[in-house]
Amino acid sequence: MLQLSILLSIASSINSLPLTANGLNSFDIARNESNVCSYSMEKEENTSYDFMTYDFKGHKNYYHYDDFLFERENKSCGSSSERNFNIEKTSRQSGASANLPYSAICTVYTCYDTDRNGYGDTTFVGSGALIGPDEILTAEENTYITEYGYPSSIFVAFGEHIENGTLVKPFGIQYVTAVMRGNYHTTFNPNDNWALMRIDSSIGYTTDWLCVSDVGISNNSTVKTIGYNNTSSYQCTVYSGNVSNLHTYSFRHSALPTTMANGAPIFDSSLNTIVGIQTGQRTTINGISYSEACKVSIYIKKWIMEDCGALRITIFAQPTGQTGSSFGDWGHVWISVQNNSPSSVIIGKMEVASNYAVTLGTWQTNVHTGLFYNLEYVDTHNGNDLFPDRVSYSRNIFLSDWEDANSYVELHDSWSFPNNMCTHFALGVWNKALPDYKISCSATPNAISNKIKAFDEYEEHAPVPGSSNCGYYNSNNNFISVSI
């Protein structure tokens, strides 16, 4: 192991720290069933969409209008690389998780205080599907009833079934801590009959979770609905049918019994990908019963990505006046990547395990001039934070969105003054990964810091995700560990 001596004043010692699994959840809220709140969101231009959110803490989740501007030219949603994020989980496919999709289908219990005495006294049953470690896709009908208003609580049970005459919940129950939903209770349009629910545990690492896509179906194609009947049978059942009347945000299908619970996922014919959400709206045409389904659209995928994208990318900037990547106190700019996918991901040249993170920053030192992995993590976890004035901004992306950025990382393991410093590297990686949130400014820590602070959701002195596995790759692609 080399002793790293940076060409600037830097901490001289650090304890060996364990790997971290910093969870950068968008919600981060506790369950408090007695207090709920809501607010409306401005509609996206040229769509009928509106949505509302609430949680069980009385905490508003602010989503901004620019977040709607997601659809990119030639964006191939549902590509194999995106499906790998949600489907290829061979490292954990054992036991219950091998029973996909059934292990990721849940019963949704929504409790209402109908007599307004402060206690939930009426419970409605629906279905839902796990699409991330702690994220459920279901119907808006399962989260709000106009007659009763907001529920007093919502809880779910995965893999629920009758065994020897006894109702079995093999994974226990999980409580919902926050809901983001369409405005179906106002519009009564199937387009708006969707909801995303955050639960209080990452049960997905036990049950596995499912993929969603906004492509893959057409009129007359076969779809399959999987969910629980809204009778008392507690039997998860599969029904097949055909698609008709396909639109951007909805479609009609015949894969339903009259007892299928609202919110059940609708899969493509392979049972690999969720393409729609079962609703309570029915119609009969020529003697055939159909359901009006809410389609998984690019709009819904946007919010799924926001909350449980495969990777969470953060750009950090320490303004001039503090430790820099060279030349004293010129400041520093770097990237962190949190792997929220269920499998290992290659970041630069390093394999980053599920639920772990790495920092990427370029430096000029006496042992290596170029890219270091996790140096900024170590510099902020040694009891002497070298970047106390840092600001940061984070976004979630799919694995397919990281491909160009990773190529950039591999090709820019270098540092030189004045046109190839840490600022140039961090801006290049960020703009490759997130062209919709491109940062354009002079490549200085101060300018980048000011651009970061222009984002409404920027943070000051946020924790730096990463690990103590600090070092660099030499010309033979061997990882050289360093200590500080």
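Scanning the range 463-483 for residues that are buried (at least 18 other Cβ atoms within 10 Å of the Cβ) and either of a type in the set (A, V, I, L, M) or out of contact with any Lys or Arg (no Cβ under 6 Å at 6 or more places or on another chain) (or both) turns up VAL464, PRO465, GLY466, SER467, SER468, CYS470, GLY471, TYR472, VAL482.
Restrict the check to the range 174-193 and report whether at least one residue is surrounded by fewer than 19 Cβ atoms within 10 Å (Cβ to Cβ), touching a strand residue (DSSP E or B) at 6+ places or on another chain (Cβ under 7 Å) and under 16 Å from SER103 (Cα atoms).
Scanning the range 174-193, I find no residue that is surrounded by fewer than 19 Cβ atoms within 10 Å (Cβ to Cβ), touching a strand residue (DSSP E or B) at 6+ places or on another chain (Cβ under 7 Å) and under 16 Å from SER103 (Cα atoms), so the answer is no.
Just to be sure, is THR380 of a type in the set (Val, Ile, Thr) and at pLDDT below 95? Explain how you work it out, then say what you get.
Working: of a type in the set (Val, Ile, Thr): yes; at pLDDT below 95: yes.
In short, yes.
Sub-9 Å Cβ pairs linking a first residue in the range 390-414 that is under 16 Å from VAL333 (Cα atoms) to a second residue that is modelled with pLDDT under 90 and charged (D, E, K, R), at least 6 apart or interchain, are TYR393/GLU457; SER394/ARG312; SER394/GLU457, ordered by first then second residue.
Output the strands (runs of 3 or more DSSP E) that fall wholly within the range 117-183 and possess 1 or more residues being under 25 Å from the mean Cα position of the chain (by Cα) and not hydrophobic (A, V, I, L, M, F, W, C), or say none. Give the derivation first.
Working: elements: 122-132, 135-138, 153-158, 161-163, 166-168, 174-182.
Counting at least 1 such residues, we get 122-132, 135-138, 153-158, 174-182.
When the range 399-409 is filtered for residues that are touching a Leu at 6+ places or on another chain (Cβ under 8 Å) and either loosely packed, with under 15 Cβ neighbours inside 10 Å or aliphatic (A, V, I, L, M) (or both), the ones remaining, listed by number, are LEU399, VAL409. Within the range 451-463, can one find any residue that is within 25 Å of THR369 (Cβ to Cβ) and either in the same structural domain as GLN318 (by TED's automatic domain parsing) or touching a Ser or Thr at 6+ places or on another chain (Cβ under 6 Å) (or both)? No, there is no match, as no residue in the range 451-463 is within 25 Å of THR369 (Cβ to Cβ) and either in the same structural domain as GLN318 (by TED's automatic domain parsing) or touching a Ser or Thr at 6+ places or on another chain (Cβ under 6 Å) (or both).
Look at PRO388 and say whether it is in the same structural domain as ALA357 (by TED's automatic domain parsing), surrounded by fewer than 16 Cβ atoms within 10 Å (Cβ to Cβ) and modelled with pLDDT under 95.
Numbers: in the same structural domain as ALA357 (by TED's automatic domain parsing): yes; surrounded by fewer than 16 Cβ atoms within 10 Å (Cβ to Cβ): yes; modelled with pLDDT under 95: yes.
Considered against the rule, which asks whether it is in the same structural domain as ALA357 (by TED's automatic domain parsing), surrounded by fewer than 16 Cβ atoms within 10 Å (Cβ to Cβ) and modelled with pLDDT under 95, PRO388 comes out as yes.
Per the conditions (1) surrounded by fewer than 19 Cβ atoms within 10 Å (Cβ to Cβ); (2) hydrophobic (A, V, I, L, M, F, W, C); (3) under 20 Å from the mean Cα position of the chain (by Cα), the sole criterion not satisfied by CYS441 is (3). Given (1) of a type outside the set (Ser, Thr, Tyr); (2) modelled with pLDDT under 85; (3) buried (at least 16 other Cβ atoms within 10 Å of the Cβ), identify the lone condition not met by GLU163. Every listed condition holds for GLU163 apart from (3). Restricting attention to the range 280-294, the residues that are surrounded by 19 or more Cβ atoms within 10 Å (Cβ to Cβ), farther than 10 Å from HIS253 by Cβ and small (Gly, Ala, Ser) total 0.
Is it true that some residue in the range 410-427 is buried (at least 24 other Cβ atoms within 10 Å of the Cβ), outside any loop (DSSP other than H, G, I, E, B), touching a helix residue (DSSP H, G or I) at 6+ places or on another chain (Cβ under 7 Å) and in the same structural domain as SER467 (by TED's automatic domain parsing)?
Initially, the range 410-427 is screened for residues buried (at least 24 other Cβ atoms within 10 Å of the Cβ), giving 421-423, 425-426.
Next, from what is left, pick out any that are outside any loop (DSSP other than H, G, I, E, B): 422-423, 425-426.
Checking which are touching a helix residue (DSSP H, G or I) at 6+ places or on another chain (Cβ under 7 Å) leaves us with 423.
Now restrict to residues that are in the same structural domain as SER467 (by TED's automatic domain parsing): 423.
Checked the range 410-427: at least one residue is buried (at least 24 other Cβ atoms within 10 Å of the Cβ), outside any loop (DSSP other than H, G, I, E, B), touching a helix residue (DSSP H, G or I) at 6+ places or on another chain (Cβ under 7 Å) and in the same structural domain as SER467 (by TED's automatic domain parsing).
What do you reckon, is ASN396 assigned to a strand (DSSP E or B) and either touching an Asp or Glu at 6+ places or on another chain (Cβ under 7 Å) or surrounded by fewer than 18 Cβ atoms within 10 Å (Cβ to Cβ) (or both)? Yes, satisfied. Would you check if there is a residue in the range 321-341 being surrounded by fewer than 21 Cβ atoms within 10 Å (Cβ to Cβ), in a strand (DSSP E or B) and modelled with pLDDT of 75 or more? No, the range 321-341 contains no residue that is surrounded by fewer than 21 Cβ atoms within 10 Å (Cβ to Cβ), in a strand (DSSP E or B) and modelled with pLDDT of 75 or more.
The values are calculated or read from the model by the stated rules, or taken from the named source; none is laboratory data. Predicted model, so just to flag it, every value in this text is computed and none were measured. Using ideal geometry, Cβ is built from the backbone for each residue, glycine included, and neighbour counts are taken over all protein chains shown.
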